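Heads up, the thing below is written out as C-alpha coordinates.
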Amino acid sequence: MTAERELIAAIQRRAGAAAPGVAGLVQGIGDDCAVWRPAAAEVGLVTTDTLVEGVHFDRAWHPPRLLGRKAVAVNMSDIAAMGGSPRFVLLSLGLPGDEAEQWRDDLLDGLAEAVTEYRAVLIGGDTVRAPAGVLLTVTVIGAADPERVCLRSGGRAGDSVWVGGPLGLAAAGLEICRRGLGADPQWRQAVQAHLDPAAQVVLGQKLAAAGLVNAMMDLSDGLATDLAHLATASGLGAEVDAGLLPIPEIVRRAARVCRADPLAWALRGGEDYQLLFTAPPANDEALARLGALIPGAALIRIGRLIPGAGVFLQDNGRRREIGYGGYDHFRRE
Ligand SMILES: [Mg+2]
(Lines give C-alpha, C1' and ligand atoms only; values in the text may rest on other atoms or scores of the structure.)
Protein backbone atom coordinates (compact mmCIF):
# COMPACT_ATOMS: atom_id res chain seq x y z
CA MET A 1 0.00 0.00 0.00
CA THR A 2 1.43 3.35 -1.00
CA ALA A 3 1.56 6.19 1.48
CA GLU A 4 -1.10 8.01 -0.48
CA ARG A 5 -3.47 5.05 -0.41
CA GLU A 6 -2.95 4.81 3.34
CA LEU A 7 -3.78 8.46 3.69
CA ILE A 8 -6.92 8.16 1.58
CA ALA A 9 -7.97 5.13 3.60
CA ALA A 10 -7.43 7.14 6.79
CA ILE A 11 -9.68 9.88 5.44
CA GLN A 12 -12.32 7.39 4.25
CA ARG A 13 -12.49 5.70 7.65
CA ARG A 14 -13.32 9.02 9.25
CA ALA A 15 -15.82 9.97 6.54
CA GLY A 16 -17.69 6.75 7.18
CA ALA A 17 -17.67 7.27 10.92
CA ALA A 18 -19.05 10.79 10.59
CA ALA A 19 -21.89 10.10 8.17
CA PRO A 20 -25.15 10.60 10.08
CA GLY A 21 -27.32 10.16 6.96
CA VAL A 22 -27.41 13.77 5.83
CA ALA A 23 -30.50 14.43 3.75
CA GLY A 24 -30.01 14.15 0.00
CA LEU A 25 -26.71 12.22 -0.05
CA VAL A 26 -26.82 9.52 -2.73
CA GLN A 27 -23.13 8.53 -2.90
CA GLY A 28 -20.52 9.62 -0.33
CA ILE A 29 -16.75 9.34 -0.40
CA GLY A 30 -15.19 6.55 -2.51
CA ASP A 31 -16.45 7.12 -6.05
CA ASP A 32 -15.19 9.53 -8.71
CA CYS A 33 -17.66 12.14 -7.52
CA ALA A 34 -19.96 12.40 -4.58
CA VAL A 35 -23.62 12.54 -5.54
CA TRP A 36 -26.40 14.39 -3.75
CA ARG A 37 -29.88 15.52 -4.55
CA PRO A 38 -30.49 19.21 -3.76
CA ALA A 39 -33.83 19.99 -2.14
CA ALA A 40 -36.14 21.86 -4.48
CA ALA A 41 -36.96 24.55 -1.92
CA GLU A 42 -33.30 25.48 -1.26
CA VAL A 43 -30.46 27.33 -2.92
CA GLY A 44 -26.99 25.78 -2.73
CA LEU A 45 -24.03 27.49 -1.07
CA VAL A 46 -20.41 26.65 -1.71
CA THR A 47 -17.24 28.09 -0.16
CA THR A 48 -13.59 27.14 0.08
CA ASP A 49 -10.66 28.29 2.17
CA THR A 50 -7.02 27.21 2.34
CA LEU A 51 -4.72 27.15 5.37
CA VAL A 52 -1.02 27.26 4.51
CA GLU A 53 1.74 26.36 6.97
CA GLY A 54 3.86 29.41 7.69
CA VAL A 55 1.16 31.78 6.46
CA HIS A 56 -1.96 30.78 8.43
CA PHE A 57 -0.58 28.50 11.11
CA ASP A 58 2.60 27.38 12.78
CA ARG A 59 3.00 23.65 13.41
CA ALA A 60 5.25 24.50 16.37
CA TRP A 61 2.28 25.60 18.48
CA HIS A 62 -0.85 24.57 16.60
CA PRO A 63 -1.91 21.11 17.87
CA PRO A 64 -2.93 19.00 14.85
CA ARG A 65 -6.39 18.19 16.21
CA LEU A 66 -7.18 21.88 16.61
CA LEU A 67 -5.72 22.66 13.21
CA GLY A 68 -8.10 20.14 11.63
CA ARG A 69 -11.00 21.70 13.51
CA LYS A 70 -9.99 25.21 12.44
CA ALA A 71 -9.75 24.27 8.74
CA VAL A 72 -13.41 23.23 8.97
CA ALA A 73 -14.58 26.11 11.20
CA VAL A 74 -13.26 28.91 8.98
CA ASN A 75 -15.33 27.52 6.11
CA MET A 76 -18.40 26.97 8.31
CA SER A 77 -18.12 30.64 9.20
CA ASP A 78 -18.77 31.53 5.54
CA ILE A 79 -21.87 29.33 5.52
CA ALA A 80 -22.96 31.05 8.75
CA ALA A 81 -22.47 34.42 7.04
CA MET A 82 -25.18 33.56 4.50
CA GLY A 83 -27.58 32.28 7.14
CA GLY A 84 -27.20 28.78 5.69
CA SER A 85 -26.90 25.19 6.88
CA PRO A 86 -23.73 23.18 6.21
CA ARG A 87 -24.28 19.88 4.40
CA PHE A 88 -21.12 18.44 2.81
CA VAL A 89 -17.36 18.86 3.20
CA LEU A 90 -14.49 18.19 0.79
CA LEU A 91 -10.87 18.07 1.90
CA SER A 92 -7.73 18.59 -0.15
CA LEU A 93 -4.70 17.83 1.96
CA GLY A 94 -1.07 18.53 1.11
CA LEU A 95 1.52 16.91 3.39
CA PRO A 96 5.30 17.42 3.26
CA GLY A 97 6.03 13.80 4.22
CA ASP A 98 8.08 14.64 7.33
CA GLU A 99 5.05 14.56 9.65
CA ALA A 100 4.51 11.74 12.13
CA GLU A 101 1.64 9.33 11.59
CA GLN A 102 0.19 10.37 14.95
CA TRP A 103 0.24 14.02 13.85
CA ARG A 104 -1.64 13.15 10.67
CA ASP A 105 -4.19 11.01 12.53
CA ASP A 106 -4.82 13.78 15.07
CA LEU A 107 -5.31 16.28 12.24
CA LEU A 108 -7.87 14.03 10.55
CA ASP A 109 -9.60 13.28 13.87
CA GLY A 110 -10.01 17.00 14.55
CA LEU A 111 -11.31 17.56 11.07
CA ALA A 112 -13.85 14.73 11.26
CA GLU A 113 -14.94 15.81 14.74
CA ALA A 114 -15.65 19.36 13.53
CA VAL A 115 -17.51 18.13 10.43
CA THR A 116 -19.83 16.15 12.72
CA GLU A 117 -20.25 19.05 15.16
CA TYR A 118 -21.46 21.27 12.36
CA ARG A 119 -23.86 18.51 11.25
CA ALA A 120 -22.17 17.97 7.92
CA VAL A 121 -20.59 14.95 6.25
CA LEU A 122 -17.22 14.49 4.54
CA ILE A 123 -18.00 13.41 0.97
CA GLY A 124 -14.65 13.54 -0.77
CA GLY A 125 -11.05 14.53 -0.77
CA ASP A 126 -7.71 14.58 -2.44
CA THR A 127 -4.16 14.27 -1.20
CA VAL A 128 -0.95 15.68 -2.62
CA ARG A 129 2.69 15.86 -1.67
CA ALA A 130 3.45 19.43 -0.52
CA PRO A 131 7.20 19.73 0.14
CA ALA A 132 7.01 23.37 1.26
CA GLY A 133 4.64 22.62 4.15
CA VAL A 134 1.21 21.43 5.21
CA LEU A 135 -1.64 22.68 3.04
CA LEU A 136 -5.30 22.25 3.96
CA THR A 137 -8.06 23.22 1.55
CA VAL A 138 -11.57 22.62 2.79
CA THR A 139 -14.69 23.16 0.71
CA VAL A 140 -18.11 23.27 2.32
CA ILE A 141 -21.38 22.86 0.48
CA GLY A 142 -24.43 24.20 2.25
CA ALA A 143 -28.01 25.18 1.66
CA ALA A 144 -30.25 28.13 2.42
CA ASP A 145 -33.79 29.37 1.98
CA PRO A 146 -33.73 31.43 -1.24
CA GLU A 147 -35.95 34.08 0.36
CA ARG A 148 -33.73 34.39 3.44
CA VAL A 149 -30.15 34.00 2.22
CA CYS A 150 -28.12 36.97 3.56
CA LEU A 151 -25.90 38.84 1.10
CA ARG A 152 -23.35 41.56 1.84
CA SER A 153 -25.07 43.87 -0.59
CA GLY A 154 -28.39 44.26 1.21
CA GLY A 155 -27.37 47.04 3.62
CA ARG A 156 -29.42 50.28 3.69
CA ALA A 157 -28.41 53.76 4.82
CA GLY A 158 -29.24 54.18 8.49
CA ASP A 159 -28.94 50.45 9.29
CA SER A 160 -27.39 49.61 12.63
CA VAL A 161 -24.12 47.66 12.30
CA TRP A 162 -23.77 44.66 14.64
CA VAL A 163 -21.15 42.09 15.54
CA GLY A 164 -21.96 38.66 16.97
CA GLY A 165 -19.26 38.55 19.64
CA PRO A 166 -15.96 39.92 20.95
CA LEU A 167 -13.24 41.36 18.73
CA GLY A 168 -9.46 41.02 18.92
CA LEU A 169 -9.33 37.72 20.83
CA ALA A 170 -7.73 35.71 18.02
CA ALA A 171 -5.16 38.44 17.29
CA ALA A 172 -4.26 38.50 20.99
CA GLY A 173 -4.01 34.69 21.04
CA LEU A 174 -1.76 34.63 17.99
CA GLU A 175 0.63 37.15 19.50
CA ILE A 176 0.64 35.27 22.83
CA CYS A 177 1.52 32.04 20.96
CA ARG A 178 4.23 33.81 18.95
CA ARG A 179 5.83 34.90 22.20
CA GLY A 180 5.81 31.36 23.57
CA LEU A 181 3.24 32.22 26.26
CA GLY A 182 0.43 30.06 24.87
CA ALA A 183 0.58 27.46 27.66
CA ASP A 184 -0.10 30.05 30.40
CA PRO A 185 -3.70 29.40 31.54
CA GLN A 186 -4.42 33.12 31.98
CA TRP A 187 -4.47 33.46 28.16
CA ARG A 188 -6.61 30.38 27.52
CA GLN A 189 -9.63 32.19 26.04
CA ALA A 190 -7.51 34.20 23.58
CA VAL A 191 -5.30 31.25 22.61
CA GLN A 192 -8.39 29.13 22.00
CA ALA A 193 -9.87 31.84 19.75
CA HIS A 194 -6.72 31.62 17.64
CA LEU A 195 -6.25 27.83 17.65
CA ASP A 196 -9.83 26.59 17.72
CA PRO A 197 -12.33 29.24 16.59
CA ALA A 198 -16.06 28.50 16.55
CA ALA A 199 -18.25 29.49 13.59
CA GLN A 200 -21.53 31.20 14.44
CA VAL A 201 -23.67 28.87 12.33
CA VAL A 202 -26.66 28.76 14.69
CA LEU A 203 -26.66 32.54 15.08
CA GLY A 204 -26.51 33.00 11.30
CA GLN A 205 -29.44 30.64 10.80
CA LYS A 206 -31.55 32.34 13.48
CA LEU A 207 -30.80 35.80 12.12
CA ALA A 208 -31.72 34.74 8.60
CA ALA A 209 -34.87 32.93 9.69
CA ALA A 210 -36.02 35.91 11.77
CA GLY A 211 -35.79 38.15 8.71
CA LEU A 212 -34.38 40.99 10.83
CA VAL A 213 -31.11 41.44 8.91
CA ASN A 214 -30.41 43.34 5.65
CA ALA A 215 -26.76 42.38 5.03
CA MET A 216 -24.38 39.89 6.62
CA MET A 217 -20.84 38.51 6.35
CA ASP A 218 -18.29 36.94 8.68
CA LEU A 219 -15.22 38.63 10.12
CA SER A 220 -12.10 36.95 8.79
CA ASP A 221 -9.79 39.80 7.78
CA GLY A 222 -10.58 42.28 10.54
CA LEU A 223 -13.52 44.64 11.11
CA ALA A 224 -11.94 47.56 9.21
CA THR A 225 -11.56 45.54 6.02
CA ASP A 226 -14.66 43.40 6.28
CA LEU A 227 -16.99 46.30 7.08
CA ALA A 228 -15.52 48.12 4.07
CA HIS A 229 -16.41 45.09 1.92
CA LEU A 230 -19.98 45.04 3.24
CA ALA A 231 -20.47 48.80 2.95
CA THR A 232 -19.01 48.92 -0.57
CA ALA A 233 -21.15 45.96 -1.68
CA SER A 234 -24.18 47.85 -0.35
CA GLY A 235 -23.12 51.07 -2.12
CA LEU A 236 -22.70 52.85 1.21
CA GLY A 237 -20.22 53.98 3.86
CA ALA A 238 -20.11 53.05 7.54
CA GLU A 239 -19.36 54.65 10.87
CA VAL A 240 -18.18 52.78 13.95
CA ASP A 241 -17.96 54.05 17.53
CA ALA A 242 -14.68 52.97 19.15
CA GLY A 243 -16.34 53.02 22.58
CA LEU A 244 -18.91 50.43 21.49
CA LEU A 245 -16.43 47.85 20.19
CA PRO A 246 -16.59 44.66 22.30
CA ILE A 247 -12.92 44.37 23.26
CA PRO A 248 -12.66 41.94 26.22
CA GLU A 249 -10.48 42.70 29.22
CA ILE A 250 -8.19 39.74 28.36
CA VAL A 251 -7.42 41.40 25.00
CA ARG A 252 -6.48 44.66 26.77
CA ARG A 253 -4.28 42.73 29.22
CA ALA A 254 -2.56 40.80 26.42
CA ALA A 255 -2.00 44.06 24.55
CA ARG A 256 -0.24 45.53 27.58
CA VAL A 257 2.02 42.47 27.86
CA CYS A 258 2.76 42.49 24.11
CA ARG A 259 3.04 46.30 23.90
CA ALA A 260 0.33 46.29 21.25
CA ASP A 261 -2.77 48.41 20.69
CA PRO A 262 -5.98 46.52 21.60
CA LEU A 263 -8.00 48.78 19.28
CA ALA A 264 -5.71 47.84 16.38
CA TRP A 265 -6.26 44.14 17.18
CA ALA A 266 -10.03 44.69 17.21
CA LEU A 267 -10.01 46.59 13.90
CA ARG A 268 -7.26 44.84 11.97
CA GLY A 269 -6.38 41.63 13.79
CA GLY A 270 -8.44 39.28 11.67
CA GLU A 271 -9.68 35.73 12.29
CA ASP A 272 -12.44 36.79 14.69
CA TYR A 273 -15.00 34.64 12.82
CA GLN A 274 -17.85 36.59 14.38
CA LEU A 275 -20.80 37.55 12.24
CA LEU A 276 -21.01 41.17 11.05
CA PHE A 277 -24.47 42.28 9.99
CA THR A 278 -26.70 45.28 9.48
CA ALA A 279 -30.36 45.77 10.30
CA PRO A 280 -32.86 48.63 10.44
CA PRO A 281 -32.66 50.45 13.82
CA ALA A 282 -36.31 49.47 14.39
CA ASN A 283 -35.01 45.89 14.86
CA ASP A 284 -32.47 46.80 17.57
CA GLU A 285 -34.53 45.47 20.45
CA ALA A 286 -35.67 42.32 18.65
CA LEU A 287 -32.04 41.54 17.79
CA ALA A 288 -30.88 42.04 21.37
CA ARG A 289 -33.61 39.61 22.51
CA LEU A 290 -32.72 37.05 19.84
CA GLY A 291 -29.01 37.25 20.69
CA ALA A 292 -29.68 36.60 24.36
CA LEU A 293 -31.22 33.20 23.48
CA ILE A 294 -28.22 31.85 21.54
CA PRO A 295 -25.37 30.25 23.47
CA GLY A 296 -21.98 31.72 22.55
CA ALA A 297 -23.46 34.81 20.88
CA ALA A 298 -23.09 38.31 22.32
CA LEU A 299 -24.69 40.74 19.88
CA ILE A 300 -23.30 44.26 20.08
CA ARG A 301 -24.36 47.26 18.01
CA ILE A 302 -21.17 49.10 17.03
CA GLY A 303 -22.22 51.70 14.45
CA ARG A 304 -24.30 52.42 11.38
CA LEU A 305 -24.32 52.47 7.61
CA ILE A 306 -24.22 55.96 6.11
CA PRO A 307 -24.71 57.45 2.65
CA GLY A 308 -21.47 57.90 0.74
CA ALA A 309 -18.34 55.77 0.91
CA GLY A 310 -15.59 54.84 3.38
CA VAL A 311 -15.48 53.36 6.88
CA PHE A 312 -14.98 55.88 9.68
CA LEU A 313 -14.08 55.38 13.33
CA GLN A 314 -15.44 57.82 15.93
CA ASP A 315 -12.96 57.87 18.79
CA ASN A 316 -13.15 60.48 21.56
CA GLY A 317 -14.64 63.12 19.27
CA ARG A 318 -12.15 62.39 16.50
CA ARG A 319 -13.18 60.83 13.22
CA ARG A 320 -10.79 58.95 11.01
CA GLU A 321 -11.09 56.72 8.01
CA ILE A 322 -10.13 53.08 8.68
CA GLY A 323 -11.57 51.27 5.65
CA TYR A 324 -9.61 48.30 4.35
CA GLY A 325 -7.14 48.60 7.23
CA GLY A 326 -7.38 44.89 7.94
CA TYR A 327 -5.08 42.00 7.32
CA ASP A 328 -4.05 41.70 3.68
CA HIS A 329 -2.11 38.62 2.61
CA PHE A 330 -0.52 40.46 -0.29
CA ARG A 331 0.44 43.64 1.49
CA ARG A 332 4.14 44.29 1.95
CA GLU A 333 4.85 45.95 5.29
MG1 LIG B 1 -16.24 35.21 4.70
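The values are calculated or read from the model by the stated rules, or taken from the named source; none is laboratory data. For clarity, every value in this text was computed on a predicted model and none was experimentally measured. Note: ideal-geometry Cβ built from the backbone for every residue, glycine included; neighbour counts use all protein chains shown. Protein only, heavy atoms only, side chains kept; ligands, DNA and RNA dropped before computing areas. Shrake-Rupley method; radii C 1.70, N 1.55, O 1.52, S 1.80 Å.
Both radii were evaluated on the Cα set of segment 240-318; the Rg over Rh quotient, with Rh as the Kirkwood radius, amounts to 0.99.
Looking at the P(r) of segment 154-251, how many percent of alpha-carbon pairs lie beyond 23 Å?
Details: 1707 of 4753 pairs.
That tail contains 36 percent of the Cα-Cα pairs.
If the Kirkwood radius is taken over C-alpha pairs of segment 127-181, then at 25 °C and 0.890 mPa s the Stokes-Einstein diffusion coefficient equals 147 µm²/s. Evaluated with a Cβ-only charge set (Lys, Arg +1; Asp, Glu -1), the chain carries a dipole of roughly 680 debye about its Cα centre, given to the nearest 20. For segment 152-321, list log₁₀ I(q)/I(0) at each q in 0.11, 0.15 Å⁻¹, using the Debye formula over Cα point scatterers of equal strength and ignoring solvent, two decimals each. One equal scatterer on each Cα of segment 152-321 leads to -0.43, -0.79.
Per-residue surface analysis assigns V22 an accessible area of about 20 Å², computed on protein heavy atoms at 1.4 Å probe radius.
Taking every Cα-Cα distance in segment 65-123 and sorting them into 5 Å bins starting at zero, the pair-distance distribution P(r) comes out as 5, 18, 29, 23, 13, 7, 4, 1 percent.
Other residues within the sphere of radius under 9 Å centred on the Cβ of A23, judged by their own Cβ, net out at +2 (K and R +1, D and E -1). Set against the 2.2 N^0.38 Å expectation for a compact globular protein, segment 3-144 has a Cα radius of gyration ratio of 1.01. In a solvent-free Debye calculation with one equal scatterer on each Cα, what is log10 I(q)/I(0) for segment 221-266 at q = 0.20, 0.31 Å⁻¹, listed in the order of the q values? Scattering profile of segment 221-266, log10 relative to I(0): -0.71, -1.10.
Rounded to the nearest 10 square angstrom, R304 shows an accessible area of 80 square angstrom against a 1.4 Å probe.
With all protein chains kept in place, the per residue accessible area of the chain amounts to 46 square angstrom at a probe of 1.4 angstrom. Angle check, please: helix 3-17 long axis (alpha carbons) against the longest principal axis of the chain (alpha carbons), in degrees 0 to 90, nearest 10. Roughly 70 degrees between the two axes. Projected onto their three principal axes, the Cα atoms of the chain cover extents of 67, 51, 35 Å, largest first. Solvent-accessible area of E101, all protein chains in place: 120 Å² (probe radius 1.4 Å, heavy atoms, ligands and nucleic acids excluded). By accessible area, using a 1.4 Å probe on protein heavy atoms only, the chain has 51% of its surface on carbon and sulfur.
Start at zero, step by 5 Å, and the Cα-Cα distances of segment 97-198 spread as 2, 8, 12, 13, 17, 19, 13, 9, 5, 2, 1 percent across the bins. Nearest 500 deg cm²/dmol is fine: what mean residue ellipticity at 222 nm does the chain get from its DSSP H runs of n ≥ 4 alone, each adding -39,500 (n - 2.57), divided by its residue count? It lands at -10500 deg cm²/dmol. Rounded to the nearest 10 degrees, the angle from helix 101-117 to the longest Cα principal axis of the chain is 60 degrees. The angle separating the long axis of helix 64-81 from the principal Cα axis of greatest extent in the chain is about 50 degrees.
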